[in-house]
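These notes are about the structure you will find just below.
Read the figures in this text as sums done on the coordinates, not as results from a lab. In this text the structure is predicted, and so the values were computed from the model without any measurement. We place every Cβ from the backbone using ideal geometry, glycine too, and count neighbours over all the protein chains shown.
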């Protein structure tokens, strides 16, 4: 008896022992294949509108022509000698990288459609393809966001300041939750978050914190978070288990390497105090933390994460200049009102997080919703960011 016949016999014995007929097994396998095929076909169909948006944007933005123009400029020997022209090479490389991703995504989608029909009846290949389509979907959504982030400041690092609203412990705990949400978002999206300042609450949570976010398109990704955030939940601090509403303000400012703005030293009030967060014995035992108040505008910045008072003061001044420039831009733009002038209370929220009596996160600017607040609070913000950028 040859090996093939032996395997067939053992296979049929196994089927009989489980009380199944070969035809039943065949039908089960066929049904699984059909369900998997239909599911993958639906996933590709859902990606088509996003891919169409990407293709349209690429065609209308004349990216190919821009690459050719920069390539001609890069051939000029003076580019390599003039530091002022270094941006040409930087922009050229960025566009080439973008083009490579674009072509990979378009080819990947086309290949996915062909492979799906080619292996329609092969369950093992369909399962492999399922993983590839999942990765492709993430790449398409991520690339779409990268294309939408085309403002000059979008590539900058940014400062994210979180302030608890009125409400004592409830709002301070909510501010701490938001801080954790942003740190988790950074961890998931290859961004670096440094805590420049952290003011702990009396009983729990925090009064305020300032994060410096570094990485690709940091400001572009975080600018949608600028505003008041509202939480509705059963309070863990209320012995009667009543529902509470809490507010916290989030202020996002792009970091600016070269800021052309004059500040009169007489307009500044500089206070020093002992840092309250982690940082070692030196940080916690000396008055190294610095708080600077710009009295004409009322803007307050503070930093405590550096070892010396001088370093913290330099960080504060850099942050203050960035905030003043942003304030000027907001005042010059009649359509844009400064969120910092709004009170952190009812009527000013940009997003609501409801944990009771139902579960829902809703952005009031775009009407985008999620019925999974736990995932959102764990840093799953991409869908909200994309909705804001498209709107």
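Annotations
- Distance (nanometres) between label positions extended 7 Å along Cα→Cβ at residue 97 and residue 190: 0.8 nm
- Our estimate of slack between residue 123 and residue 53, defined as 0.36 nm per intervening residue step minus the Cα-Cα distance, is 22.0 nm.
- Taking the fewest neighbouring Cβ atoms within 10 Å as the starting point, the ordered list for 208, 308 is 308, 208.
- The order of 69, 114, going from fewest to most other C-beta atoms within 10 Å of their C-beta, is 114, 69.
- Across all directions, the shadow cast by the convex hull of the range 161-219 built on its C-alpha atoms averages 3.7 square nanometres.
- Each of residue 374 and residue 63 was given a label point 7 Å from its Cα along the Cα-to-Cβ line. The distance between the two points is 3.8 nm.
- Here residue 269 and residue 72 are evaluated by their C-beta separation; at R0 = 45 Å the FRET efficiency comes out at 0.25.
- Ranking of 188, 266, 45, 323 by count of other Cβ atoms within 10 Å, fewest first: 266, 45, 188, 323
- Pairwise FRET efficiency - residue 307 versus residue 207, Cβ, R0 = 22 Å, nearest 0.05: 0.40
- Rounded FRET efficiency, nearest 0.05, which uses the C-beta distance separating residue 38 from residue 132 and R0 of 22 Å: 0.80
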